[in-house]
Each structure stands twice: as structure tokens, then as C-alpha cells.
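Working notes, beginning with the structure itself.
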Amino acid sequence: MMMNKIFLILLFLHSAVCYTQELKSDTLSATNIKAVTINSKDYEKIEYSYGLKQEINFKLATVNPNADYELGLRFKNTSKKNGRISNVILFLHKSAKNLPLANLELNFYKVDSLTGRPLEKLNTEQIIFTPTSRKRGSFKINVEGFNIHFPAEGALVSVKWLPTEEYNMQVGPAIRLTNYKERLTYTRYNNDPAKWGNNFNFSKKPGVYTNAMIGLEVYIKRRTVN
């Protein structure tokens with residue numbers, strides 16, 4: 001039998017990340033958001049859900065935000081056509097009552113078509129999600145107003161926990177994790193592009209890897225029929 005609670009601590013220099021196993025009125029803020037209307041006749045909505053099936057009950061419980069720890073999931077563009085990102089879905093776990101909730105910065109990156117590593121950022125404005133609930137649930141964040149391109153090579157969607165006013169060393173919210181057959185999750189710290197790595201894995205099964213649970217909705221331009 002597995003223990004009810006398993007604590008794994010992973011240190012990235014001055015960063016502390018804790019993984020725990022256990023059986024919506026949030027807000028989004030940014031500046032200069034422009035209204036965007038996507039005509040459903042011209043665009044087709046695609047929901048990317050691979051990697052979201054819960055196969056383990058792990059969570060990224062705490063993070064030290066002062067080390068600029070960033071965790072992202074890579075999304076392959078199965079249509080191979082350029083699109084626009086509409087919504088991001090964060091799957092959050094229950095957060096401990098003693099941990100302050102930090103703002104989350106959402107970022108989007110191009111990916112290298114050969115290696116899958118994140119490249120330059122796709123969003124030009126800071127996107128901040130402010131969680132107000134400690135409960136487990138999924139939270140859909142609309143980002144249409146930021147006009148974020150979804151390249152044919154796909155994109156990486158990341159979450160970064162921002163420092164609190166008290167500069168707490170451990171914060172929530174907790175993000176849910178799962179196992180999947182591909183290495184889709186990348187992490188880095190200190191905002192260093194050279195430190196992106198995909199060794200984020202706690203699975204003991206060969207060919208199975210631990211991934212963050214993040215969803216993505218994209219609008220792909222329909223083909224024009226003459």
C-alpha cells in the first residue's frame with residue numbers, strides 16, 4: 001500500500017519545491033488589454049487535453065517564488081496550422097492553510113521544433129492570475145485579449161509563482177501533477193533561458209513521466225474553400 005502522504009523535496013539552488021500526495025472567483029490582471037472577437041465561421045476551436053488524465057494524485061505543493069521558479073507544459077500543434085490562444089486551464093490542488101497564496105504569472109513560449117525546448121516569449125505583456133481559493137479545482141483563464149500566437153511548431157505554457165510582499169520562502173497555490181508517456185514538462189529558475197530542462201520526473205515506470213496538469217484552448221484558422 002502507498003502511504004497517504006508522500007513528501008518529496010527538490011532543491012534548485014535557493015529554490016524549495018515540495019511534492020505531496022493526497023486523496024472561482026479568481027482574477028486576472030494586466031494592462032492595455034484589447035477586446036478581441038474571434039468569428040467561429042473563420043476559426044475552429046481546438047482543445048488540447050493530452051497529459052491531463054489524472055493517473056497519480058500528486059501535487060506541486062509549495063514553491064519558493066524568490067528564485068523565479070517556472071514550470072511549463074509543452075503543447076504540440078497537431079493541426080500544423082498557425083492559430084491564436086484563447087484559454088488556459090490550470091488544474092489546482094488543495095493548498096495548505098498555512099501557506100500564503102502567491103500571484104501566478106502566465107507565459108507562453110515558442111518551442112524548438114527539433115528539441116522541444118522553450119525559446120523566445122510569445123506574449124508581450126505580463127499576464128497575472130490571482131488565486132483566491134485554496135480548494136481543488138480547474139480554473140479557466142481567458143487570454144484572447146493578449147493576441148498570443150500559437151505557432152505551427154506548438155508552444156510551451158508556463159506558470160511562475162511571484163514573490164509575496166513578505167517574501168515568503170514557501171507559497172501556494174498547489175498545482176496538480178500526473179503521469180504521461182511523454183516528457184512534456186519543462187522547468188527553470190532565475191529567468192535563465194539556459195536553465196530550461198525536462199528532467200521533471202518522479203515516475204518509477206519506464207517510459208512514463210510526471211507532467212503538470214495544464215489545459216489549452218486554441219482557435220485555428222479555417223481553410224478557405226474556393
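List of remarks:
- Beta carbons closer than 9 Å, at least 6 apart along the sequence or on distinct chains, pair a first residue in region 53-72 that is part of a loop (DSSP other than H, G, I, E, B) with a second that is among the charged types (D, E, K, R) and at pLDDT 90 or above for Q54/R176; N57/R176; D68/K160; D68/R188; D68/D192; Y69/K160; Y69/R188.
- When region 109-162 is filtered for residues that are of a type in the set (K, R) and touching a Phe, Trp or Tyr at 6+ places or on another chain (Cβ under 6 Å), the ones remaining, listed by number, are R117, K121.
- Pick from region 57-88, criterion open to solvent by 10 Å² or more (accessible area, probe 1.4 Å) and charged (D, E, K, R), ranking: nearest to E217 (Cα to Cα): R84
- Y209 fulfils the conditions (1) open to solvent by less than 70 Å² (accessible area, probe 1.4 Å); (2) at pLDDT 95 or above except for a single criterion, (2).
The values are calculated or read from the model by the stated rules, or taken from the named source; none is laboratory data. None of the values given here were measured: they were computed from a predicted structure. No Cβ is skipped: glycine too gets one built from the backbone with ideal geometry, and neighbour counts run over all protein chains shown. Note: accessible area is taken over every heavy atom of the protein model, side chains too, but ligands, DNA and RNA are not part of it. Shrake-Rupley method; radii C 1.70, N 1.55, O 1.52, S 1.80 Å.
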